[in-house]
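Values quoted throughout were computed directly from the atomic coordinates according to the rules given, and no laboratory measurement underlies them. Note that the structure is a prediction, hence the values are computed from the model and not measured. Quick reminder, even Gly has a Cβ in these numbers, built from the backbone with ideal geometry, and neighbours come from all protein chains shown.
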Amino acid sequence: MAKKWYGTILAVGALALAASVQAAPPSAAMLANACGGCHGARGVSAGPSMPSLAGQPKAYFIVAMKRFRSGERPSTVMGRLAKGYTDADIEAMAAFFARQKPVPQNGPVDARLVEKGAAIYYKQCKYCHLDNGRLWRQIHQGQDYDKQCRNCHADYGPDTGDETPMIAGQWPKYLKIQMDAFKDGTRKMSKKKAKAMNALSPEDREAVANFYASQTAEVR
Amino acid sequence: MALDRRNFLKLLGAGAASLPLTGHAGDAPPRPGRRVVVIGGGFGGTIAAKYVRMLDPAIEVVLIERNRQHVSCPFSNQVIAGIRQMSDLTIGYDKLAANYGIRILCDEVTAIDPAAREVVTHSGKIGYDRLIISPGIDFRFDEIEGYDPASTPEILPHAWKAGAQTLLLKKQVESMADGGTVIISMPLTPFRCPPGPYERACMIAMYLKKNKPRSKLILLDANPDIVSAGPLFTRAWDTYYKDIIEYLPAKRVTRVDARTKTLFVEGVEGIQGDVVNFVPPQRAGAIAVSSGLVGADRNWCPVKVSTFESTIHNNIHVIGDAAVAGAMPKAGYSANAQAKVCAMNVVALMNGRETMDFAGINVCYSAITEEEDISVAAVYKVAQGNIVAVHDSGGMSPIDFSAARLEHVYAESWLKNILTEMST
């Protein structure tokens, strides 16, 4: 009798334990939602120095996070945070943000700088950052990656062969911070990018930032 | 009066009744009889309400908040220092309500009846299927001899809830004569915003250095050491405020005399200041305490990991500062992250789906000068049945302040994004 009673307790205990641990691992949405405090809900940023993640190509997000994690891409907070995520977490978040509808920044841009930035863009940026910095999908298909793409993608995606980041519609302040980081060497860049970037004065960089910021992001 | 749907609409007033029932949450109107009530319109409550509606538009959400606007505690130390306006920190609820079809009830909750699943407010009762409370903190005034909850904070402001108290402390610091002494007194942990006291010391010292350079600031910390980002704050004080800030650890104040602005520390004589920013020991917001949601410590609310459901009362979820959330600090960003996970799991439970393990982050910025910020950040997941910081992740800003100017710029966007997420 005593033995039977003991068995019942064990069974009930096991059930209770099963109920308390029965939870699925975090979903992509749960992982990505946590970023919203800084990057805005669904990755649509309302903060001028914080990039929007909504609609950013999956491959670009993955490379950025992994390079934050390794320290290869300099950062303030992102390196510390990226270390908390596995490759699978990063891929899940990347897929989540790639699915979100991009929304262009809604701050003011300087019309004179936009015009100046446009001229610079058409002269030196458009060969890699196609379509005014919007996403591109089909344009490179069928091209020989080594011949056609490596020069542009050397600073971020040579291994993946994937898209350049979506910079159309990003906050100008964020773009300026990143261009300054390329220029002063804290962020690495390809030879081709260096050639274009090193030709730009601080005001040129401000102008290019305003140009990209004035563009709408492509809705996929 | 039992608050059925019709009465509730009446209570909200004719204008509110015409609010759209759904926003981008979807087209299905909420089904009566599936209702989540959220108490508290701060960093946790607004987000919980929004995400429940986003995830399941068929659930009706009522957000009860006693104030018409919310004033952010994060960044309020900059208001005291005169480098930020209160309007930067203030949000309303109209857009959130309209965009997501959340019913906002400006009222105070006086009781929760877990058995009847009802919330009692000044204007009536509201039933719920699940209740999410994010009541923030209140103070344990009764542990401080000589502290009168009504009159003492008007003389010795705590300014640990943003709003009138923030402006009172600012006014006192501004009215103080050059050569005066400001005292900040902090209780033992846990308290809201672990880096807050040390940031406040920086911000007030910055103001004094510029405007009243012969003045002093004494930080009486009940804790044996700086609670958050110690090496960074120590360096900031040494670098910028060496002649102003005096940090005194292990100084727990047990008695106050508001008339003479004197604090009494165990084993030490009374310490008098010209401005005394006395922050009393804390506990979960009053409604959590009076509803029996606090645990054996009588101060904070024990919750189940991931669902944030109270371990004391079923169907009541506690998030934010009031909850015991493993390794997470009591911070606005923590509340934001917890609210999202709680909302996901509340919606799962109400739809008979499997819940998910917690995943989230916390990022806190602290201003050290007018142009420099430092940060603490961490990623949290579930391990061994508790919320823990992921090994080898997170941490503090570089000790040499090499990132401080950039972090100041990013901090500004933190504020903008988190308040936008709460209010739109």
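Remarks
- Stretchable slack from B:Ala296 to B:Asn386, in nm (0.36 nm times residue separation minus alpha-carbon distance): 30.6 nm
- Förster radius 45 Å - calculated FRET efficiency between A:Asp184 and B:Asn67 (Cβ-Cβ, nearest 0.05): 0.45
- Ordering A:Pro165, B:Ala250, B:Ile183 by Cα displacement along the dipole of the protein assembly as shown toward the positive end leaves A:Pro165 in first place; charges were set at the Cβ atoms of Lys, Arg (+1) and Asp, Glu (-1).
- Between B:Ile312 and B:Ala58, the contour length at 0.36 nm per residue exceeds the Cα-Cα span by 88.6 nm.
- Straight-distance crosslink candidates among lysines, where the alpha carbon sits under 19 Å from B:Lys210 and sequence neighbours closer than 8 are dropped: B:Lys170, B:Lys171, B:Lys242
- Distance (nanometres) between label positions extended 7 Å along Cα→Cβ at B:Asn211 and B:Thr424: 3.2
- Under 19 Å from B:Lys209, Cα to Cα: aspartates and glutamates that are on another chain or at least 8 residues apart: B:Glu174, B:Asp178, B:Glu199, B:Asp238, B:Asp243, B:Glu246, B:Asp274, B:Glu370, B:Glu371, B:Glu372, B:Asp373
- The protein assembly as shown - charge dipole about Cα centre, Lys and Arg +1 at Cβ, Asp and Glu -1, debye rounded to 20: 1320
- In chain B, Cα pairs under 8 Å separated by at least six residues give a relative contact order of 17 percent.
- Highest average first, the peptides A:200-213, B:328-341 ordered by how many other beta carbon atoms sit within 10 Å of their residues are B:328-341, A:200-213.
- Sorted fewest first by neighbouring Cβ atoms within 10 angstrom, A:Thr76, A:Thr216 come out as A:Thr216, A:Thr76.
- Remark: spin-label model distance B:Ser175-B:Glu154 equals 1.2 nm, labels positioned 7 Å along the Cα→Cβ axis.
- Listed from fewest to most Cβ neighbours within 10 Å, the set B:Phe264, A:Phe96, B:Phe141 follows the order B:Phe141, B:Phe264, A:Phe96.
- Residues within the reach of a label modelled at B:Asp129 (point 7 angstrom out along Cα to beta-carbon, backbone nitrogen below 12 Å), restricted to segment B:45-66, are B:53, B:56-61.
- In this simple spin-label approximation, A:Lys191 and B:Asp400 carry label points 7 Å from Cα along the Cα→Cβ vector, and these lie 3.1 nm apart.
- Candidates B:Ala378, B:Ala286, B:Ala403, ranked by Gaussian network fluctuation over chain B, Cα under 10 Å, top entry: B:Ala403
- Residue order, fewest to most beta carbons within 10 Å, for A:Val109, B:Val268: B:Val268, A:Val109
- At R0 = 35 Å, FRET efficiency that the Cβ-Cβ distance of A:Ala199 and B:Thr239 yields, to 0.05: 0.35
- Exercise: per-residue mean of other protein chain Cβ atoms within 10 Å, A:42-51: 5
- Relative contact order %, segment B:142-280, counting alpha carbon pairs below 8 Å whose residues are six or more apart: 35
- The mean number of partner chain beta-carbon atoms within 10 angstrom of a residue's beta-carbon across peptide B:405-416 is 6.
- Most fluctuating residue given options B:Gly45, B:Gly179, B:Gly267, as computed from a GNM of chain B linking Cα atoms under 10 Å: B:Gly267
- Fraction of beta bridges assigned by DSSP in segment B:142-280 that are antiparallel (%, nearest 5): 30
- Within the same chain, lysines fewer than 8 places from B:Lys125 are excluded, and of the rest, those with a Cα less than 18 Å from its Cα are B:Lys10.
- Using a Förster distance of 41 Å, the FRET efficiency for B:Asp113-B:Ala327 (Cβ separation, nearest 0.05): 0.80
- The HN-Hα couplings worked out from phi for segment B:364-378 by the Karplus form 6.51 cos²θ - 1.76 cosθ + 1.60 (θ = phi - 60°) are 10, 9, 10, 7, 10, 9, 5, 10, 10, 10, 10, 9, 10, 8, 7 Hz, whole numbers, x standing for Gly and Pro.
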